[in-house]
Structure formats: structure tokens, C-alpha cells
1. Looking at region 423-449, which of its residues are in contact with a Pro (Cβ under 8 Å, 6 or more places away or on another chain), aliphatic (A, V, I, L, M), buried (at least 17 other Cβ atoms within 10 Å of the Cβ) and within 21 Å of residue 388 (Cα to Cα)?
2. So how many residues does region 586-601 have that are open to solvent by 10 Å² or more (accessible area, probe 1.4 Å) and touching a residue at least 12 places away in the same chain (Cβ under 8 Å)?
3. Of the residues in region 518-536, how many are open to solvent by less than 60 Å² (accessible area, probe 1.4 Å) and without any contact (Cβ under 8 Å) to a residue 60 or more places away in the chain?
4. In region 496-517, which residue that is basic (Lys, Arg) and open to solvent by 10 Å² or more (accessible area, probe 1.4 Å) is farthest from the chain's Cα centre (by Cα)?
5. Going by the structure shown, is residue 493 at negative phi, open to solvent by less than 10 Å² (accessible area, probe 1.4 Å), touching a strand residue (DSSP E or B) at 6+ places or on another chain (Cβ under 7 Å) and assigned to a loop (DSSP other than H, G, I, E, B)?
6. Listed residues 63, 82; which is open to solvent by less than 20 Å² (accessible area, probe 1.4 Å), in contact with a strand residue (DSSP E or B) (Cβ under 6 Å, 6 or more places away or on another chain) and either at pLDDT 75 or above or in a loop (DSSP other than H, G, I, E, B) (or both)?
7. With the structure loaded, tell me whether residue 341 is in contact with a strand residue (DSSP E or B) (Cβ under 8 Å, 6 or more places away or on another chain) and open to solvent by less than 20 Å² (accessible area, probe 1.4 Å) or whether it fails that test.
8. Would you list the helices (runs of 4 or more DSSP H) that sit entirely within region 547-640 and hold 3 or more residues that are modelled with pLDDT of 95 or more, of a type in the set (Gly, Ala, Ser) and in contact with a Gly (Cβ under 7 Å, 6 or more places away or on another chain)?
Amino acid sequence: MPRPRRRRRLRVVSVLRLLFLLLVYGASLGAAAIYLAVTTINKELPPDLSQLLDYQPNRKSVVLSSDGEEVGAFSIENRRIVALERMPPHVPAAFLSAEDRRFYKHQGFDLMGIARAAYKNFKSDGAIKQGGSTITQQIIKQTLLAGEEQVGALDLTPPEYEKLRKSQKYRRKMKELILAVRLERELTKAQILSIYLNHIYLGHGAYGVGAAAETYFGKEVEDLTVAEAAMLAGLVASPTKYAPHRNMALARERQRYVLRHMREDKYLSDAEYESALTEPIALVDESDLNHLASPYFVETVRQLATKRYGNRDLFKGGLKFYSTLDTRMQTAAENALRRGLEGLDRRLGFRGPIGSVQQALRGAWTGGPAHPLSGTSDDTSALADQLLPEQRYGAMIVELPKPGGVVVDLGPKRLPVDDKDAKEVRGWTSEKTKQAAKLGDLLPVRLAADGNTVSLAQRPVLQGSMVVLEQSTGRVRAIVGGYDWTGSQFNRATQAKRQVGSTIKPFIYAAGFEAGRTPVERMHDGPYSVTTATGVWTPANYDNKYMGSVTMMTALAYSLNTISVQLVVSFGLDRLIEILRGFGVTSAIPRHISISLGTPDLTLLEVSAGYAGIASGGRRVTPRFFDLVTDTTGRVVEDLSELPLGPQVISPEVAYVTTHLMKGVVQRGTARYAGTLGRPAAGKTGTSANYRDVWFIGFTADLLVGVWIGRDDSTPIGDKITGGGVAVPIWVEFMQKAHPRTPIRDFAIPPNVSFARVEPWSGDPAGVHADPAYSVWMPFVRGTQPSKFLMGPQIRSFEDLVPAPQLPAPAAKCSSLLCL
């Protein structure tokens, strides 16, 4: 009878044996399948990890001013690489506690972390609450496998598309696990962590903790507190959702999560944890996140750099441009041009209020924040806690006293409008409604210097530009392309081609001196006609008046048109065009006699560079916006600081005589106001036909500044608006504030120049000892002095006039060491 029991035992053993064999075979088959899958997928992966082993992420290129300040940047990703050693310990600790608490225990992927994430997600009804990817896996996903799950446009049904998308996701996940293990074998934990902290996206365009520290808190990563580091680490999960600028409550909630983990992981003590929880967070104003200093200058550097190095190196290569920008001069140039345009706009008349505050809202305006004006429409929605002297504000009219004044409310302050502007406001009426200004109307104003009154500060309908450069080197020290970058990014200094008017005349006179004429040669200023292919052309002077017989120095000082035409007729159009091209003018120049009156359309930078050529001895001067370019390692990519001098266009002596006549324009001609600078200065004003453009380009021995004013649509500025009356005051204001504090000196005298004492109006010899009030020292290209100046000894230099001082007698030789 025991047989059945034995059979049953054998049957159970057989089943167990079969199950064991099936388990073994199944495990072997599974292992083989996994091996085959890994082997197959591994073939699709890069054979080496050099992309990460030699980690070189996209880096922004920066523009530095001449004093080392960062004034601009070009990038696809805002990233600042920071070595792990520079980071305070709590920064990496915060990210480890937030994203990979077992970082130092796993070998690329964390089974415990995956299981924990799966359990939490299961308990949350399938919603994804926690990820299981390690820091190593995140690096792989964001670098080597970036874009791996993207599916292009395919002719698939929605279910087929979803199936393909899931297949791509699982395949990417397998690749991620394989590469993570390989990366852990190739790099140390410190190297992996360093890559992660410099690569991770943290919102607001910031990649890596270095850029994020600056973006959110305006500080270096070394200065981050525990609370700030925890807030940055909390952004990884969702940079948009937890962005403190968008939702501080959610950002704080995520920060507390990170701080709690840091305490549990023993990175923080209880006291440090409690302190971090209560620490206030100060964010950088969001309006400052994309601030760009000297925008017209930086944009010009971008355009030049794109042509030289291409977009890839510029936006990804981390180039460093050591620019020629002087921030002090740039600020002075922007302020001088802005004030000049506003002053001219006021001369053209008050155009009316910029808006009105409803009766029900006027009480909230009073005593509230200030309203700085922004945009081309003078929007008053922006708010500010304080009033700044250079800022324009919207101010509400609150009183219109019977004597004629105007009182406005700026929010923090209630101030009167200065008398002159108040008179304009009270005298204004709308062309459409015939209504005068009333209570509640908004005026654009700016604080007076003493802060006790305000003046009108309309947004000008005019535009302008300014170029500041060192004529000896071509280094552009400042450039302003318009009234306001936010209103218009068009650079009128480098892109606007406008009729140059009389600013072309120094090039004409230089050609005349080159041909043998002299400053004292007399020419007739009167009606003059030229026969052209289209008929007879008869130019006239600015005021349609003539001076008769005049010297060339007087003709340039008073910008007489007929003399310029006669000179060009005498030496020919080709030489004038040749000189302009020689000084770097590349814009189209019509081959017509009318160019003698400045009909070519040139940029302010072109004309300024041409004047720099005259001021620097007749050589071409090429404007330069940066001296040095280096890469991320500090290697010099290009050094422009030691470029050879440009080619000689006109002789140094011709250039000096031309410069001397341009001094006459400042001393007694159309730019007399420039003489208030108190330094020897030379220049030339210009006004195009029908007052569409006004210019002044002037220079001292140290600095050249060009100014242009006009309307973008080329309509007339206004009647009798000239370069001397508009552009020169802007030039003077800038020069008084920003001219280098160098010793006052005159222009250097080259060889082959001789001098004679001249009566300036007649051009006759005045004698060496003539009254200085009625005579001047006049330079001549050696050998061109008229015979009437050769009666006495020729003056070749000022040393001929003043005897050289007696040198002291040489000291007696001393044999004692005490004399050494």
C-alpha cells in the first residue's frame, strides 16, 4: 500500500524539478534577451563618451568695456561655468538632496530610487509625482540623448502615433541606463556632479547654478545662502512652475521640501534648517534680467563679430570681446543727445498732454508711486518708489492757478512746472477739440537739477546719433544710434545714410590745398553757374546772400557754397571722390557737381572716420570697436590693438592746414559756440537741403565727436534749424562732461609747414609783431606762400619767433662717489 504515497512524492519532486528547470531556462532566456537588447542598443550608441569626457557646453560670448565691465552678451543659452571647488558645500548638497540622495552609492542608475518613485506614483492614482532618474541619467538625457524622443510628422493615426511615441520613450530609457553605467566608469562622481550643476536648466534662460545665481539673486554662486541654494535646487523639477518670480508660494513650498531632505541627509543641522526656513529671499527685479548696457554699441559689435567669426562661434563659443567702449563717455553721450533732442523738441512747441487720469482714479495717483514713462507711446503703467533726475515721468495736473502756473503730482511729490514750460502748457489748445490743458491731464516731465520744479520732457519726434572716437587710433569710445533703444533699434550712426551737407567741405578744401591753393587766396562769392548734362545749375548760399571777394579761410568759416563749387570745378570730381574713398567712405557717391554741396548720403560713422583721417595727419583711420578677442581658454583669437597705420590719403601738411581752417570755423565761423569748451578745437557744421539734416563733427587733439540730428522720414526739421544751433550745443555738453582730463594742447605741427602773420579778413600780411586781436598765425604748405609774404624772413616754426632758452652750463666733473 505504500506505493501510491511514493508515486505522489515522485510526482511532486518532478513538478518542482520542472519548475526549477523552467525558471533556470526562463532566467537564461531573459538574460540572453536582455543581453541581446543591450548589445543591439549599444551598437546605436557612441563608441566613446568624449562629448562628456571633454565637456564643452554652449557658452555665451561677452563684451567687456575698456574698464573691464561686462556690457553685453551673445548666447543661445545663458550659462556661466563654475568649478565645483568654487561652490560652497551647501550648493551641491541642495541638488543632491533634491534630485539624487543615493548619488554616491549607485553606479549610474538606482533600483531603490526607481522602486520608491514607482510606489509613490502608484499611491497617487498613477499621476507622476516623483521621478526615478539619477543625476547621471539626467546628464545623459540632456546631452547625449537630447531630442531622442522626438517624433516627426508621420502619416499615422493617433493610436499608432501614441504607440510609436511610447516605443521611442522605452528605447531612450534603455539607452539612458546603458550610457549612465558607462559614464560612471569613465568619470569620477565629482566630475559628473560638476557637469550637472553647470548644465541643468533652472528657468528664466539660466543654465547652470552660476547663471541662475546671477539671474535670480544678482550674485556670484560663492555668495549663495543655504536658503537660496535650496530654492534653486527646487527649480529642477519644474523651472516654470516653481519660478519664484511667478509664484513665490510654490517656490517656497518646494524650497522647504529640499531643506527637509538636506536636514535628513545630515547636510544641515536643526539650527541651520530653521534659520534657512525663515530667511527672506531677495530677488533681482525681473525688468533687469535682460538689461543691456550701451545697446547700440553692443549690437554693432555683434554685427561685426558675426561677419568675422560666424554665428556659431559668437553664440556658442564663449568668445570674450575686449571692446573700446568707455562707459563714462557712453553715459555722457546718451545723456547729451537725449537732452539735446528734448530741448530742440521743446523749441518746436508743446504737443499736448500724453493722457488723462479719470476722476475716480485721481485720489490713488496722489501719494502713490511714481510713474516712469516707457515705450514709444509713453506708457505710465510702470511703477517706481523713487524719483530719479534723468528719468521721465508721467505727472498729473492738479492745479492751474490764475496767474498762469501749472502744478503737477508725480505720486511721491507735488511740484510746480517751471515758468517757461508752464506758459507753453497754459497756451496750448487741441487742434481738434480746441480744448486747453485741464486738471487730470498727464504731462511728460523730468525733475529739475534742484529737485524743486519739473520741466517738460516730451518724447521727441526727432532722432539723432553720436559717434565718439580717438582719431589717433580709430578706437570708438561711445556710440549712440537714437533717442531710445527700446523705441527703435535702428542705429542711425552706422546704418542711416543721410545727406551730409557742408560737412563735405573740409575734404574739398584739402583737395584745393593739395592742388597748390592757400588759405589766403581770394575767391569771389557770388552767383555762379555750372553747365551739366541736365542743364545749368546755379547754387546759392544758405541765406541767399553773398560776401563778394573772400579768402578761403573765411569761405570755410562761413560755409560759403559758391566757393566749394568753384574749387571742385577747378580740380575735378574724380579727385574729391578719390579722397573720400581713401578715407574709408564706401557708400554710393554720385558723380555730379552737386556733391560739392554735400548731396551724398553717408553714415555718421563714415564722415566721422573721414574727419579722423584729417585730424590724424591725412591717413585713413578705420573705426575699431574691440581691441582683443579671446576664447574660453584665454587664447588670443585676434589682436587688433597693434594694427599698422592706414594708407596716406593726403599729405600731413595739407591735413594740418585743413585742420587749421576748421579751427577758424570754431573761432569765428558757424561753430563759435564750440569755443566755450576752452580747448583748441576744429570742426565743421553741416545743414542739408530744406533743413532735413544737421551735423557737427568736431575734434580736439585728443578726441573726435560727430553729431547728427534729423527726422527718420527725412522731412524738414524746422525753419532755420542749423548744425551750429542744434548739433554744436550737444557736442559741447558731451565734451564738457567726458573729454579726457589731458593737458590743454594744440594740434601737432608736421614738417613742411611754414607760418606767416595774417590779417584774417583780407588775407594780407600783418607782420610778426601785429596786434593779436587783428591778426592770426596762418600755416602754409611749404613752398605755397604768396610772394607778398616772402618780403621778410620766412617763419618755419614758432621757434623762429621765440628765442630758445639758454641751457645751463654743464656741471664740473666730480671724482667723488658723493657726486653720484
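1. First pass over region 423-449, keeping only residues in contact with a Pro (Cβ under 8 Å, 6 or more places away or on another chain): 437, 441-443, 446-447, 449.
From what is left, the residues that are aliphatic (A, V, I, L, M) are 437, 442-443, 447, 449.
From what's left, buried (at least 17 other Cβ atoms within 10 Å of the Cβ): 437, 442-443, 447.
Within region 423-449, 442, 443, 447 qualify.
2. Applying the first criterion (open to solvent by 10 Å² or more (accessible area, probe 1.4 Å)) to region 586-601 yields 586, 588-594, 597, 599, 601.
Going one step further and asking which of them are touching a residue at least 12 places away in the same chain (Cβ under 8 Å), we end up with 586, 588-589, 591-594, 597, 599, 601.
So the answer is 10.
3. Final tally of qualifying residues: 4.
4. Looking only at region 496-517, we keep the residues that are basic (Lys, Arg), and these are 497-498, 505, 517.
Those left that are additionally open to solvent by 10 Å² or more (accessible area, probe 1.4 Å): 497-498, 517.
Values: 497: 21, 498: 23, 517: 45 Å.
Selected residue: 517.
5. yes
6. Working: 82 fails: in contact with a strand residue (DSSP E or B) (Cβ under 6 Å, 6 or more places away or on another chain).
Of the residues listed, the single one that is open to solvent by less than 20 Å² (accessible area, probe 1.4 Å), in contact with a strand residue (DSSP E or B) (Cβ under 6 Å, 6 or more places away or on another chain) and either at pLDDT 75 or above or in a loop (DSSP other than H, G, I, E, B) (or both) is 63.
7. Numbers: in contact with a strand residue (DSSP E or B) (Cβ under 8 Å, 6 or more places away or on another chain): yes; open to solvent by less than 20 Å² (accessible area, probe 1.4 Å): yes.
Criteria met by residue 341.
8. Details: elements: 552-557, 561-571, 573-582, 604-615.
Counting at least 3 such residues, we get 604-615.
The values are calculated or read from the model by the stated rules, or taken from the named source; none is laboratory data. The structure presented is a predicted model; accordingly, all values stated were derived computationally and were not measured. Neighbour counts run over all protein chains shown; Cβ positions are idealised from the backbone, glycine included. The protein model used for the area step is the full one, side chains on, heavy atoms only, and it has no ligands, DNA or RNA in it. Shrake-Rupley method; radii C 1.70, N 1.55, O 1.52, S 1.80 Å.
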